[in-house]
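The values are calculated or read from the model by the stated rules, or taken from the named source; none is laboratory data. As the structure is a prediction and not an experimental result, all values here were calculated from the model. We place every Cβ from the backbone using ideal geometry, glycine too, and count neighbours over all the protein chains shown. Quick note on the areas: whole protein, heavy atoms, side chains included, nothing else; ligands and nucleic acids left out. Shrake-Rupley method; radii C 1.70, N 1.55, O 1.52, S 1.80 Å.
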Amino acid sequence: MQHQYLSPEPPNDFAYWVTNALQEDRLGEQLAAIDLIEFRTIRALRERIIEVIERDLNERQQLRTAPEGEEFHFREAVSFIVPTSHVARTLAEFADCMEQIGFGSLSLHFFDARLRLETGDTDFSEWLAKELGEEELGRAIAGLDPYTYTLEGLRKEVVRLVRRRLQEHAA
Amino acid sequence: MSMLDQYEEFVGRGTLDELRRLGHQLEGRRIITVNSTAVGGGVAEILSRLVPLSRELGVDIRWGVIKGGDDFFGVTKRIHNALHGKSETFSAHDREVFRDTTQQNLADLDLDADIVFIHDPQPAGLIEARHPDHGRWVWRCHIDVSAPQADVWEFLASYVSGYDAAVFSAPQFAADLTLPQVMITPSIDPLSDKNRELTESEIDQVLNRLHVPRDKPIVTQVSRFDRLKDPVGVIAAFRLVRKYNDCRLVLAGGSATDDPEGAEVLAAVHEASDGDPDIHVLELPPTANLDINAIQRASTLVLQKSLKEGFGLTVSEALWKGKPVIAGAVGGIPLQITHRYSGILTHTIEGTAFWIKQLLNAPEFAHRLGQNGREHVRTNFLLTRHLRDYLLLFLFLDHRDERVIRL
């Protein structure tokens, strides 16, 4: 969850560790630069990470070892999905909910959804297009690169796009 | 205002709503948590907040405390040291004392519950009360057991292996166990005397009383006088800084009257400070939480130059006050500081001195580190996150084979 306030320099855990513990700046930069939204499945992303590391390994003779205490500990995440009290039926209600939901909810429907739906879409854009016929707004939201925003910044950007659309309706 | 509502100003309504929903999910489950003291020590301090907050969420949780004589706590103190890798004798008699006290507590405590949540080695033996087909048992280990004395760990592991899950504070503190291991980091309480907001006049009063003038930048380390916190190294770093930057150093720690090793370190600190009027060595009583709060808030920079560390929550305390922190990259500190984003991680005296100078001369960068650090603590190291993780852990016990749990 570092991502949400450290932007505009949001290193993923792997890139951060390679840069700061192994001090392999070049490889770290390449790992940080992987365009995460390009990947629609975890498998494809995993393969890309391996490819970047292997390409780097092939070019070098000597390998560094992380200092004691700075080893990379792989962890496994367990996700809990819990219903919230926020329900939207209209675009206006959707904007109100977007302003109130927690970061966990934003992550689930934005970041997780891309990998779950495997279409590059988000739960928000899918719902806006299917249920409200707001294809263009949906595409605009799906087109955001969430990894270049803080979570609060991402929320504000989605709200801004939705409010702008509401104004168009009102005009 | 309810106790929970007091946290809204720090974490927002969404977080509290989330806690209420999780509490609701645990309706009908009876939980008991057991540790070794009702007051004193970090575990009792955290339970004294988490238990009433859980009850406010509607969770049916009781808090039990084991009893034991001086001989028992003498043995468990040595177990504690041996788990930390210090060489200790652990005799057949010690094992007997541990087993006898465990038996007495098994007779006294009502452990009939759906979830039994046991803290640290002292009450670990209560697992003997486990019913074969009812209730889940979790062992919460607050200490680093990654390099224990073999015979002591073997003794303890014979109990721990009977649990359904073990909880550690950081991945590098965990042990080699076959049961599921869960990582839950500790937390600070933004409402406690050590962390609550203070007015400038409250801060001034404390600093005046402690004779620390606020006439120039203050660099502070709050820590026990312990070699592993390297207070003498802090003075050496300060001396390197002082060639170029006028500032004060505050070393604040507990009084070392009952601790011969602490007294030795304190003497070394006094010798190293050599009567320098800009070095303030403060021996504070364990109740001086408000003083520590004020010292941290009055500081320009906070150091935690540890050579070895447990989780090192003093780092989160300082970050929560928006202070730029320079700390050793040991124990749980790298979980709290991302180097050059939310603080500075160093490995040497010279590196520490280098970064003190950098941050004193680049106050805007230092300010940004402090602000990022505060946000990192807000998201990850406040009591409400700790409470959420415990509630999720309790819910996880019924879904141990699932990786996406829909409630």
The set of residues whose placed amide H lies less than 5 Å from the amide H of A:N12, leaving out same-chain residues fewer than 5 positions away, is none
Give me a single rounded figure for A:79-85: the average over its residues of other chain Cβ atoms within 10 Å of their Cβ. 6
What's the Kirkwood radius of region A:91-170 in Å, using all Cα pairs? 12.5 Å
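Provide Rg over Rh for the protein assembly as shown; use the alpha carbon set for both Rg and the Kirkwood Rh (inverse mean inverse pair distance). List each step's numbers first, then the result.
Details: Rg = 25.7 Å, Rh = 26.3 Å.
Reported Rg/Rh, Kirkwood definition of Rh: 0.98.
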How much net charge surrounds B:G14 when only other residues with a Cβ under 14 Å from its Cβ are counted (Lys, Arg +1; Asp, Glu -1)? -1
What Kirkwood hydrodynamic radius do you get for chain B when you take the inverse of the mean 1/r over all pairs of distinct Cα atoms, in Å? 22.7 Å
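Taking square-rooted eigenvalues a ≥ b ≥ c of the alpha carbon gyration tensor, is region B:307-407 rounded, prolate or oblate, where a/c under 1.5 means rounded and, failing that, a/b exceeding b/c means prolate? Present the calculation step by step, with values, prior to reporting the outcome.
Values: a/c = 3.23, a/b = 2.23, b/c = 1.45.
Prolate, because a/c is 1.5 or more and a/b exceeds b/c.
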Inter-part distance where region B:326-395 and region A:17-86 are each reduced to a Cα centre, Å: 22 Å
Per DSSP H run of n ≥ 4, the term is -39500 (n - 2.57); total these for chain B, divide by its residue number, and report the mean residue ellipticity at 222 nm rounded to 500 deg cm²/dmol. -13500 deg cm²/dmol
With springs only between Cα atoms under 10 Å, which of A:R89, A:R60, A:R26 fluctuates most in a Gaussian network model of chain A? A:R60
Once Lys and Arg get +1 and Asp and Glu get -1 on their Cβ, which of B:Q221, A:T150, A:N58 lies farthest toward the positive end of the dipole of the protein assembly as shown? A:T150
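Please go through the residue pairs B:K194/B:K229; B:K229/B:K321; B:K216/B:K321; B:K67/B:K305; A:K156/B:K305; A:K156/B:K321 and name each one whose alpha carbons sit more than 29 Å apart in this structure. All intermediate terms of the calculation are to be shown ahead of the outcome.
Values: B:K194/B:K229 20 Å; B:K229/B:K321 21 Å; B:K216/B:K321 19 Å; B:K67/B:K305 37 Å; A:K156/B:K305 39 Å; A:K156/B:K321 27 Å.
Those over the limit are B:K67/B:K305; A:K156/B:K305.
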How large is ³J(HN,Hα), in whole Hz, for each residue of region A:131-145 in order, when computed from phi with the Karplus curve 6.51 cos²θ - 1.76 cosθ + 1.60 and θ = phi - 60°, using x for Gly and Pro? 8, 10, x, 9, 4, 5, 4, x, 5, 4, 5, 5, x, 6, 8
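How many percent of all Cα-Cα pairs in region A:4-59 sit more than 14 Å apart?
On the way: 856 of 1540 pairs.
Cα-Cα pairs of region A:4-59 separated by over 14 Å account for 56 percent.
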Inter-label distance, nm, simple model (7 Å from Cα along the C-beta direction), A:D145/B:E8: 3.9 nm
List, in order, the whole-Hz ³J(HN,Hα) value for each residue of region B:191-196 obtained from phi through the Karplus relation with A = 6.51, B = -1.76, C = 1.60 and θ = phi - 60°; use x for Gly and Pro. 9, 6, 4, 6, 10, 5
Need the list of aspartates and glutamates near B:K243 for cross-linking: C-alpha distance under 19 angstrom, and skip anything on the same chain fewer than eight residues off. B:D215, B:D274, B:D276, B:D278, B:E350
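Count neighbours as other Cβ atoms within 10 Å of each site's Cβ, and list the GluC sites (Glu not before Pro) in region A:27-114 that are DSSP loop with at most 14 such neighbours. Walk me through the numbers before you get to the answer.
On the way: sites: A:E29, A:E38, A:E47, A:E51, A:E54, A:E59, A:E68, A:E70, A:E71, A:E76, A:E93, A:E99; in loops: A:E59, A:E68, A:E70, A:E71, A:E76.
For GluC sites (Glu not before Pro) across region A:27-114 that sit outside H, G, I, E and B with at most 14 neighbouring Cβ atoms in 10 Å, the list reads A:E59, A:E68, A:E71, A:E76.
Among rounded, prolate and oblate, which fits chain A when a ≥ b ≥ c are the square roots of the eigenvalues of its C-alpha gyration tensor, a/c under 1.5 means rounded, and a/b larger than b/c means prolate?
Working: a/c = 2.53, a/b = 2.29, b/c = 1.10.
Note, shape of chain A comes out prolate.
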Using alpha carbon centroids, what distance separates region B:142-176 and region B:283-313, in Å? 29 Å
Say a site is exposed when it is one of the chymotrypsin sites (Phe, Trp or Tyr not before Pro), sits in a DSSP loop, and has at most 15 other Cβ atoms within 10 Å; what is then the longest site-free stretch of chain A? A:75-171
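Pop out the carbon and sulfur fraction of the accessible area of the protein assembly as shown as a percent, whole number, probe 1.4 Å. If you can, show how the numbers build up before the last one.
Details: 13750 of 27690 Å².
Its accessible area is 50 percent carbon and sulfur atoms.
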